[in-house]
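I am attaching a structure below and will ask some questions about it afterwards.
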Amino acid sequence: MSRARIGNGGWSSNVASEDACAPVARNRSVSNRSSGILLHPTSLPSPFGIGDLGAEARAFIDFLHESGQTLWQTLPLGPTGYGNSPYQAISAFAGNPLLIDPRQLIDDGWLDQSVINVAHFSPGRVEFEIVRDFKERLLQHAFLQFKDGALSNYDGFEEFCDDSSWWLTDYATFRALKDMHGGSSWADWQRELSQRDPITLSAIKSTLAEQILEQKFFQFIFFRQWKALRSYARERGVRIIGDLPIFVAHDSADVWANREYFKLDKDGKPTVVAGVPPDYFSATGQLWGNPLYDWERLRADNFQWWIDRVRWSLELFDLVRVDHFRGFAACWEIPATDVTAQNGEWVETPGRELFASLKKRLGDLPIIAENLGVITPDVESLREESGFPGMRVLQFAFGGNATNDHLPHNHTHGTVVYTGTHDNDTTIGWFENLDNDQRKYCLQYLASNGSEINWDMIRAAMASVADTAIIPMQDVLGLASDARMNLPASTTGNWSWRMPSNPIPNELIQRLKVLTEIYGRSTD
């Protein structure tokens, strides 16, 4: 029987769709019935302690194709900082070097097999510090091999550096400086560097030329592997949904290189920070700590920084989920000195102007708006005027009454339904923690006895009138709370879940495929 193996050195189906070579139109929105899986690449199995862009990612794409899925949704792919959150990346443009597949470096001639057969990792969790030390050593070895040869021999490197210079130079310099300062925040560097004094910066670029070149090399490898993986997905009829967080981390190349676009004091420290008021996830709100934008300054530059950011995302992905969409109507501004998010205030933002500028410059925007949380009429008005589909989450459906927007009978076209998101518990874990009234309502609504609540929820999502259904991989596998990806307002143990390395059973593949076909979400 056919199996999609997503394990160490496994195999996968080579079956391709009939229109495998057809280009995917960039202006195609989520308008036809379709379905897919939510899984961050770090959660894939691999021999190297963290999922990457190699064989297991291709096997996962084969699994999507075999099970009738046409969408793969990821979390942000940027290099992570403290806490390892993809939503606190140190660049809005760079890729995470931890996702680089070492085996492809062997094929490229930059690594020897003997160098990578030296580590043993936890199969079920990403041990980030151990993985980071291991991967950085491998990448540095590859860079030395690369540097010792002729740079021009690595096809496309110079072209990549030239084409990406508008973000790559600042990012590579930032990374080299951050390493030189032992990882400390840029706001704590000597003033000439934190303030980007031209003379000092020019001198340090000369001093750190090799380290800067090294970081450019890592980015070249990442995007080379990403481009190959995306082509593989397109050949099998799978589109990739990326994730664009509205905010960036304070300790990032973005803020260091563009201080004028953020609300900072004279020393570069935030005056106000982002978060959300008390909500479903936390009684004291969520204090994210990201600096907030100076929208007047962005407007004065015709939103060019945002236009560059969205254009780049649409070059990397077929569609983009914009996280915290409500922040484009108003942001919850919290004094930077506060320790909770309770004392913030809503401050309006020029979302309409921004999206008008984006559409004028970039054309149709294949965006999914994450419209969860405290959603007011102005947020929905902005989303509807922009033509972006919103989200519905079944785990939010069974509190309240029959008018709850997340209940399937209240779904509409132009929405994307999820059983849960990366911030939710797995469906099995969620169900086990429901109170008696919610559990009773859930079972009655789904006509379920609860023995396979994950599949009952998957069926409800697939049957929904929502144009698109996205299922977290944990729910397909029927996993409990220990497979949860993130618990908002917590600081430890997040982002580290990994899939089992054993093959995905054929019965799961076929079960998912049957539901996809029954509810008209298959392309066949």
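Do any residues in segment 146-170 that are more than 12 Å from Q219 (Cβ to Cβ) and of a type in the set (D, E, K, R) have Cβ atoms under 6 Å from those of residues that are surrounded by 17 or more Cβ atoms within 10 Å (Cβ to Cβ) and modelled with pLDDT under 75, where the two are at least six apart or on different chains, and which pairs are they?
Note: no pairs meet the criteria.
Can you pull out every residue in segment 44-66 that is among the polar types (S, T, N, Q) and either surrounded by fewer than 23 Cβ atoms within 10 Å (Cβ to Cβ) or out of contact with any helix residue (DSSP H, G or I) (no Cβ under 8 Å at 6 or more places or on another chain) (or both)? Walk me through it before giving the result.
First, pick out the residues of segment 44-66 that are among the polar types (S, T, N, Q): 46.
If the condition is that a residue be among the polar types (S, T, N, Q) and either surrounded by fewer than 23 Cβ atoms within 10 Å (Cβ to Cβ) or out of contact with any helix residue (DSSP H, G or I) (no Cβ under 8 Å at 6 or more places or on another chain) (or both), then no residue fits.
Residue by residue through segment 111-130, note down the ones that are among the hydrophobic types (A, V, I, L, M, F, W, C), over 16 Å from G54 (Cα atoms) and under 28 Å from the mean Cα position of the chain (by Cα). Before the answer, list the steps.
Taking segment 111-130 and keeping what is among the hydrophobic types (A, V, I, L, M, F, W, C), we get 111, 115-116, 118-119, 121, 126, 128, 130.
Checking which are over 16 Å from G54 (Cα atoms) leaves us with 115, 118-119, 121, 126, 128, 130.
Hits for segment 111-130 are A119, F121, V126, F128, I130.
Still on this structure, please answer the following. Taking only segment 462-505 into account, find how many residues are at negative phi, small (G, A, S) and at pLDDT below 95.
First, the residues of segment 462-505 that are at negative phi: 462-477, 479-488, 490-492, 494, 496-505.
Within this subset, residues satisfying the condition of being small (G, A, S) are 463-464, 466, 469, 480-481, 483, 490, 496, 501.
Right, trim to at pLDDT below 95 and you get 490, 501.
Total satisfying the criteria: 2.
Follow-up. All but one of (1) surrounded by fewer than 18 Cβ atoms within 10 Å (Cβ to Cβ); (2) part of a helix (DSSP H, G or I) hold for Y171; state the number of the condition that does not hold.
Of (1) surrounded by fewer than 18 Cβ atoms within 10 Å (Cβ to Cβ); (2) part of a helix (DSSP H, G or I), only one is false for Y171: (1).
On the basis of being surrounded by fewer than 22 Cβ atoms within 10 Å (Cβ to Cβ), assigned to a helix (DSSP H, G or I), out of contact with any His (no Cβ under 7 Å at 6 or more places or on another chain) and among the aliphatic types (A, V, I, L, M), does V115 make the cut?
Criteria not met by V115.
If you scan segment 373-389, which residues turn out to be touching a residue at least 40 places away in the same chain (Cβ under 8 Å) and surrounded by 17 or more Cβ atoms within 10 Å (Cβ to Cβ)?
Scanning segment 373-389 gives G373, V379, L382, R383, F388, P389.
Continuing with this model, one more query. Quick one: V255 ticks every box in (1) at pLDDT 95 or above; (2) farther than 25 Å from L71 by Cβ; (3) not in a helix (DSSP H, G or I) except a single one, so which number is it?
(3)
Right, here's the next one. Of these, A483, A463, A489, which one is closer than 30 Å to G81 by Cβ, buried (at least 17 other Cβ atoms within 10 Å of the Cβ) and free of Cβ contacts under 8 Å to residues at least 60 places away in the same chain? Show your work before the answer.
Working: A463 fails: closer than 30 Å to G81 by Cβ; A489 fails: free of Cβ contacts under 8 Å to residues at least 60 places away in the same chain.
None of the others qualify; the one that does is A483.
Within segment 341-364, track down each residue that is in contact (Cβ under 8 Å) with a residue 60 or more places away in the chain and either hydroxyl-bearing (S, T, Y) or surrounded by fewer than 20 Cβ atoms within 10 Å (Cβ to Cβ) (or both).
We begin by selecting, within segment 341-364, every residue in contact (Cβ under 8 Å) with a residue 60 or more places away in the chain; these are 341-342, 344, 363-364.
Hits for segment 341-364 are Q342, G363, D364.
Answer yes or no as to whether A89 is of a type in the set (G, A, S), modelled with pLDDT of 95 or more and under 26 Å from P505 (Cα atoms). Break it down stepwise before answering.
Details: of a type in the set (G, A, S): yes; modelled with pLDDT of 95 or more: yes; under 26 Å from P505 (Cα atoms): no.
No: the conditions fail for A89.
For every residue, the table says whether it meets (1) among the aromatic types (F, W, Y); (2) under 30 Å from V310 (Cβ atoms).
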| site | (1), (2) |
| --- | --- |
| P79 | no, yes |
| I90 | no, yes |
| G95 | no, yes |
| R103 | no, no |
| I130 | no, no |
| L138 | no, no |
| F143 | yes, no |
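Yes/no per residue for (1) among the basic types (K, R); (2) in a helix (DSSP H, G or I):
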{"residue": "S184", "(1), (2)": "no, no"}
{"residue": "K216", "(1), (2)": "yes, yes"}
{"residue": "Q219", "(1), (2)": "no, yes"}
{"residue": "Q225", "(1), (2)": "no, yes"}
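G10 is checked against (1) modelled with pLDDT of 95 or more; (2) out of contact with any Pro (no Cβ under 6 Å at 6 or more places or on another chain); (3) surrounded by fewer than 23 Cβ atoms within 10 Å (Cβ to Cβ); (4) of a type outside the set (A, V, I, L, M) and fails just one. What number does that condition carry?
(1)
Related question: Which ones in segment 19-44 are at pLDDT 95 or above and part of a loop (DSSP other than H, G, I, E, B)? Show your work before the answer.
We begin by selecting, within segment 19-44, every residue at pLDDT 95 or above; these are 33-44.
Within segment 19-44, R33, L39, H40, L44 qualify.
Scanning segment 151-168 for residues that are of a type in the set (S, T, N, Q) and not in a loop (DSSP other than H, G, I, E, B), which turns out surrounded by the most Cβ atoms within 10 Å (Cβ to Cβ)? Walk me through how you get there before you give the answer.
Of all residues in segment 151-168, those of a type in the set (S, T, N, Q) come to 152-153, 164-165.
Adding the requirement that they be not in a loop (DSSP other than H, G, I, E, B) leaves 152-153, 165.
Details: S152: 8, N153: 9, S165: 12.
Checked segment 151-168; the qualifying residue surrounded by the most Cβ atoms within 10 Å (Cβ to Cβ) is S165.
Considering only residues that are surrounded by 22 or more Cβ atoms within 10 Å (Cβ to Cβ) and hydrophobic (A, V, I, L, M, F, W, C), which ones fall in segment 273-287?
Residues satisfying the conditions are V273, A274, V276.
When residues of segment 197-217 are filtered for being farther than 27 Å from D148 by Cα and surrounded by 17 or more Cβ atoms within 10 Å (Cβ to Cβ), how many remain?
Residues that pass the stated criteria total 0.
Looking at (1) buried (at least 17 other Cβ atoms within 10 Å of the Cβ); (2) among the charged types (D, E, K, R); (3) not in a helix (DSSP H, G or I), which is the only condition R309 fails?
Here R309 clears every test but (3).
The values are calculated or read from the model by the stated rules, or taken from the named source; none is laboratory data. From a predicted model like this one, the values you see are computed outputs, not experimental measurements. Reconstructed Cβ throughout: ideal geometry from the backbone, glycine too, with neighbour counts over all protein chains shown.
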